[in-house]
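S.K.: Quick one: the structure is below, and I'll ask about it shortly.
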Amino acid sequence: MALRRDRTRTEQQHPAPPAIELRAVRRSYGRGEGAVQALRGVDLVLPRGSFTAVMGPSGSGKSTFLQCAAGLDRPSSGEVLLGGVEITGLSENRLTELRRSRIGFVFQSFNLLPSLTVQQNVLLPQRLAGERQDRRRAGELLARVGLAEHGGRRPGQLSGGQQQRVAIARALITGPEVVFADEPTGALDTRTAHEVLGLLRQAVDTMGATVVMVTHDPVAASHADRVLFLADGAIADELWYPEPAAVADRMLSLTAVAQGRPAGAAA
Ligand code: ADP
């Protein structure tokens, strides 16, 4: 009893840090008159076990946000913290190491290596990180995504939806702090997209994963707990427990504003 009370007190004094935190993150490209402010001061805290969708009109800063948050690009100013650790000042080597072991990626085009088997693809992040390759965990993850029997196949022998499921298993193999998904359903039909989104949702709900997903699709975004809307390099709006229709509505208004039309006017 005393032990439990002590632990609770310790947890209150040192609560688990958020999976990811952005503090006043700015990113500009170029200098002088031609400079473009891609991010204009983004502040954001994403707790562990959350599923966040990021939307916004073309050019609003979604890719830049993802690149900066995932340590693929450096902000011009501000800080990015991964599991409480400031990553903006790290050397290129440390950053690469950290990306390999503590960040998972899922891309629109799956990005599996065609010459490796499905199982080898899932184990690749551990191999690259110089960690022990945990075949049992790879098998468990493949079973979770419904591909228990496919570990020995090559990606080319799988459908697009199956390849994306392999990519999800691969993204989870190191038990990363965050999984970044960039238009993960952009190349999939509606039914397959729904399955893939269900798997991301499940990873959050049953494995405590943290997912950040950039998408254009209001239906995809509705699988998240929260949608962040970027406009002109800043977070312009957010929606909790999003319904597709409400997401589509906000996107329409943001796009209208971005194009200089009054919100609600026909495109
Ligand atoms: P989105 O992903 O929402 O379409 P981006 O993050 O790609 O937006 O771009 C945000 C802004 O930054 C845009 O105005 C874009 O033209 C500009 N931008 C992005 N990358 C570069 C770059 N490498 N050089 C110059 N401008 C860039």
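The values are calculated or read from the model by the stated rules, or taken from the named source; none is laboratory data. On a predicted model such as this, the values are computed, not experimentally measured, just so you know. Please note: Cβ atoms are built from the backbone with ideal geometry, for glycine as well, and neighbour counts cover all protein chains shown. Heavy atoms of the whole protein, side chains included, go into the accessibility calculation; ligands, DNA and RNA do not. Shrake-Rupley method; radii C 1.70, N 1.55, O 1.52, S 1.80 Å.
S.K.: Do you know which residues across segment 42-87 are within 25 Å of PRO242 (Cβ to Cβ), open to solvent by 30 Å² or more (accessible area, probe 1.4 Å) and assigned to a strand (DSSP E or B)?
M.R.: ASP43, VAL45
S.K.: Go through segment 189-232 and count every residue that is closer than 25 Å to PRO176 by Cα and more than 16 Å from the ligand (Cβ to nearest atom).
M.R.: Residues flagged as closer than 25 Å to PRO176 by Cα and more than 16 Å from the ligand (Cβ to nearest atom) within segment 189-232 amount to 25.
S.K.: Looking at segment 92-191, what helices (runs of 4 or more DSSP H) fall wholly within it and have at least 1 residues that are surrounded by fewer than 19 Cβ atoms within 10 Å (Cβ to Cβ), modelled with pLDDT of 95 or more and in contact with a Lys or Arg (Cβ under 7 Å, 6 or more places away or on another chain)? Before you say what the answer is, go through the steps one by one.
M.R.: Working: elements: 92-102, 118-128, 135-144, 160-172.
The helices (runs of 4 or more DSSP H) meeting that bar are 118-128.
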